[in-house]
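Peer 1: Here you go, one structure.
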Number of protein chains: 2
Amino acid sequence: MDALIHLSSTTIFTDCSSSSSSSSTACLLHFTTTKFPNTISRFNLQFGISNPKFPKTIITHCSSSSATAIQVDNETAATVIDGKRVAKDIREEVAVEISRMKDEIGIVPGLAVILVGDRKDSATYVRNKKKACDTVGINSYEVRFPEDSSEEEVLKHISKFNDDPSVHGILVQLPLPSHMNEQNILNAVCIEKDVDGFHPLNIGRLAMRGREPLFVPCTPKGCIELLHRYDIPIKGKRAVVIGRSNIVGMPAALLLQREDATVSIVHSRTKNPEEITRQADIIISAVGQPNMVRGNWVKPGAVLIDVGINPVEDPESPRGYRLVGDICYEEASKVASAITPVPGGVGPMTIAMLLSNTLLSAKRLHNFR
Amino acid sequence: MDALIHLSSTTIFTDCSSSSSSSSTACLLHFTTTKFPNTISRFNLQFGISNPKFPKTIITHCSSSSATAIQVDNETAATVIDGKRVAKDIREEVAVEISRMKDEIGIVPGLAVILVGDRKDSATYVRNKKKACDTVGINSYEVRFPEDSSEEEVLKHISKFNDDPSVHGILVQLPLPSHMNEQNILNAVCIEKDVDGFHPLNIGRLAMRGREPLFVPCTPKGCIELLHRYDIPIKGKRAVVIGRSNIVGMPAALLLQREDATVSIVHSRTKNPEEITRQADIIISAVGQPNMVRGNWVKPGAVLIDVGINPVEDPESPRGYRLVGDICYEEASKVASAITPVPGGVGPMTIAMLLSNTLLSAKRLHNFR
């Protein structure tokens, strides 16, 4: 489940300015897991990027001087989709609604988070969620279990939260220790409080026309929200989703289809993915492969939503690494009409959507409009 | 819900041999609902083709002399995928397993069918299911309710079948009378006996990697089974599904993706669908639009699975109509490497898969391998 494990066995390019494809042989460099602090893997875990199977080469730098076929006009730089600002707007909107709810019916939404084991990355992620809850006025309840707890103990606590009327959302921080059955534990969360939207019943409703899911998974919901807030039309557009994970790629494809896009899903078994992405008006990429989507993968004027948050080595950074997306920003931003940066694009939207889902749940459970 | 209602308000072409697109203005002819006997609509209902929104023109005849761009070599005619024969093979395999099950543990699978109202088409369809059950040795139980029955009465009977150990599959024949809530009634079937596979929990599991649905919806399962039985590779292939209905298009796309195809879904909002279908190695069409997919929509060598069963006027037929698919067989069979005919392609597979699902359910419920 840990992205670092993958990185350790991967050939990485630190610069590819002379290459137009990821199969270049320049600048080989081998990483080990110790290069990055343990907390980084949370970025990939957060987005379900657990086992990228795309090209075995990783590009840590891509330059506009690479031999792309597309002519780039520097005057047509893309709109930067500012996820940080949108997420802030959403948090403010959520805070206003929570305040109104409290005033009118005396109810404060509550989010319970269950953390098993002592992974530092998971602890950081839970702390960020708690902090975000605090800022908008959601009560957060955290339960920590030691690594060697039994599945039954965790299930017992989930059941308690299911019955607790002050809890409107329940999150189980992943990954769980290997001796626990993740599916059993996630299925135990009652669907009315499944603010992550990962329950198969929610996914089924998301897939079906005429049905409504109770919750939409946070990261793909955040991607679509960015398109909406930037007035980017979806209906009738060609959309390509890169990656088919349960928590980003697959639900993102279902959401785009619900909005009447014509959707194609590209994944590790796709031959010549760039031929498909080049037809897209909208690309959502969620594979966890640094700079995989080059400028010549993009149709001029396309809108690019980059879910990947990948650490790559950077000796110039004080931390020794920096974060890049799945999309080579430097190249693609000169071809696209709009693009999310990394960091500061989709990233901040996930927690904003979690807060929004928790509010939605409280409103529904208390029949508050 | 009735395909005939749609036909009655539609402009229909009886011949388009001189046209290369469905926008031709030749040979206009208006239909009324009385042209077809009432039983025909079951074909479309069976495949969920309730409201085709594709071009408002219907082509009842397409000829190879039409001005398609693709060169056709008469010597490279496509393999005809014989669904009738495959369905027969499957029924025989199911019968053998049922016999073995009866001998070894004394259990006979049972299928309950609920029919509300007195639509002739529904009655015919239920009769066909019963007949198919008889031929393989499945016990079938039929309950008929008058048109004006209450939802509660139907729900009560579903609940009875849910608890009945001799019933392993429960089917509610659609459409239901308009005063009943279809969603409530379908949701009442317990997931272990949902042999239609339409429950959102099943669909969710079908969409999710690492999860397994208890049942796969019969028609899309039949499409994939045809590909398997003809040794047509799916992994890594470009697949296009035309139509996104809950009971055919959407689950067909999910199934193809589970088999590692790169899937695109084309629907009524898709602009220039032929540009996308022309890239496909495999096309599954399920829209209920006669002859919509022309020869020049197809990549040479593609495999074509035609779910549409559309009645079109034919004065030469004793019944005054004949059945055609969504794909213009005459043109496409000269371009494709393999194609299902209509009738005799996907049609017979649906009931075969229903029998297979009922056997599967009985085996699972009795832990029989």
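The values are calculated or read from the model by the stated rules, or taken from the named source; none is laboratory data. Predicted model, so just to flag it, every value in this text is computed and none were measured. So basically every Cβ, Gly included, is an ideal-geometry build from the backbone, and we count neighbours across all protein chains shown. When the accessible area is computed, the model is the full protein with side chains, heavy atoms only, and any ligands, DNA or RNA have been set aside. Shrake-Rupley method; radii C 1.70, N 1.55, O 1.52, S 1.80 Å.
Peer 1: Condition first: within 14 Å of another protein chain (Cβ to nearest Cβ) and open to solvent by 40 Å² or more (accessible area, probe 1.4 Å). Now tell me which residues in the stretch A:182-197 satisfy that.
Peer 2: A:Glu182, A:Gln183, A:Asn184, A:Asn187
Peer 1: Take B:Pro200 and tell me if it is more than 7 Å from every other protein chain (Cβ to nearest Cβ) and without any contact (Cβ under 8 Å) to a residue 40 or more places away in the chain. Give the steps one after another, and end with the answer.
Peer 2: Details: more than 7 Å from every other protein chain (Cβ to nearest Cβ): no; without any contact (Cβ under 8 Å) to a residue 40 or more places away in the chain: yes.
No; evaluated as a whole, the condition is false for this residue.
Peer 1: Filter the stretch A:217-271 down to the residues that are among the polar types (S, T, N, Q), facing another protein chain (nearest Cβ under 9 Å) and in contact (Cβ under 8 Å) with a residue 12 or more places away in the chain and list them by number.
Peer 2: A:Ser245, A:Asn246, A:Thr262, A:Ser264, A:Ser268
Peer 1: Which of the residues belonging to the stretch A:301-342 are more than 22 Å from the chain's Cα centre (by Cα) and closer than 14 Å to A:Ala239 by Cα?
Peer 2: Selection gives A:Gly301 alone.
Peer 1: With the structure loaded, tell me whether A:Glu152 is acidic (Asp, Glu) and open to solvent by less than 60 Å² (accessible area, probe 1.4 Å) or whether it fails that test.
Peer 2: No: the conditions fail for A:Glu152.
Peer 1: While we're looking at this one, here's another question. In this structure, is B:Lys160 under 23 Å from B:Ala336 (Cβ atoms) and either under 22 Å from the mean Cα position of the chain (by Cα) or modelled with pLDDT of 90 or more (or both)?
Peer 2: no
Peer 1: Based on this model, can you work out whether A:Val126 counts as surrounded by fewer than 18 Cβ atoms within 10 Å (Cβ to Cβ) and either part of a helix (DSSP H, G or I) or at pLDDT below 95 (or both)?
Peer 2: no
Peer 1: Now for a separate question. Only one of B:Arg229, B:Arg211 is of a type outside the set (S, T, N, Q), over 12 Å from the mean Cα position of the chain (by Cα) and open to solvent by less than 30 Å² (accessible area, probe 1.4 Å); which? Lay out the reasoning, then the answer.
Peer 2: Values: B:Arg229 fails: open to solvent by less than 30 Å² (accessible area, probe 1.4 Å).
Exactly one residue qualifies, and that residue is B:Arg211.
Peer 1: Looking at the stretch A:75-96 only, could you name the residues that are in a helix (DSSP H, G or I) and not acidic (Asp, Glu)?
Peer 2: Scanning the stretch A:75-96 gives A:Thr76, A:Gly83, A:Lys84, A:Arg85, A:Val86, A:Ala87, A:Lys88, A:Ile90, A:Arg91, A:Val94, A:Ala95, A:Val96.
Residue-wise test of (1) in contact (Cβ under 8 Å) with a residue 12 or more places away in the chain; (2) touching a strand residue (DSSP E or B) at 6+ places or on another chain (Cβ under 7 Å); (3) open to solvent by 10 Å² or more (accessible area, probe 1.4 Å); (4) within 17 Å of B:Ser140 (Cα to Cα).
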| site | (1), (2), (3), (4) |
| --- | --- |
| B:Val86 | yes, no, no, no |
| B:Asp89 | yes, no, yes, no |
| B:Ala95 | yes, no, yes, yes |
| B:Arg100 | no, no, yes, no |
| B:Ile105 | yes, no, yes, no |
| B:Leu111 | yes, yes, no, yes |
| B:Leu115 | yes, yes, no, yes |
| B:Lys120 | yes, no, yes, no |
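Peer 1: Looking at (1) open to solvent by 30 Å² or more (accessible area, probe 1.4 Å); (2) out of contact with any helix residue (DSSP H, G or I) (no Cβ under 6 Å at 6 or more places or on another chain), find the lone condition where B:Pro348 falls short.
Peer 2: Single failed check for B:Pro348: (2).
Peer 1: Of all residues in the stretch A:209-234, count the ones that are in contact with a Phe, Trp or Tyr (Cβ under 9 Å, 6 or more places away or on another chain) and modelled with pLDDT under 95.
Peer 2: Residues meeting the conditions: 0.
Peer 1: Would you be able to tell me the number of residues in the stretch A:272-300 that are within 12 Å of another protein chain (Cβ to nearest Cβ) and open to solvent by less than 10 Å² (accessible area, probe 1.4 Å)?
Peer 2: The total comes to 3.
Peer 1: Could you check how many residues of the stretch A:190-208 are out of contact with any Phe, Trp or Tyr (no Cβ under 8 Å at 6 or more places or on another chain), assigned to a loop (DSSP other than H, G, I, E, B) and at pLDDT 95 or above?
Peer 2: Counting residues in the stretch A:190-208 that are out of contact with any Phe, Trp or Tyr (no Cβ under 8 Å at 6 or more places or on another chain), assigned to a loop (DSSP other than H, G, I, E, B) and at pLDDT 95 or above gives 2.
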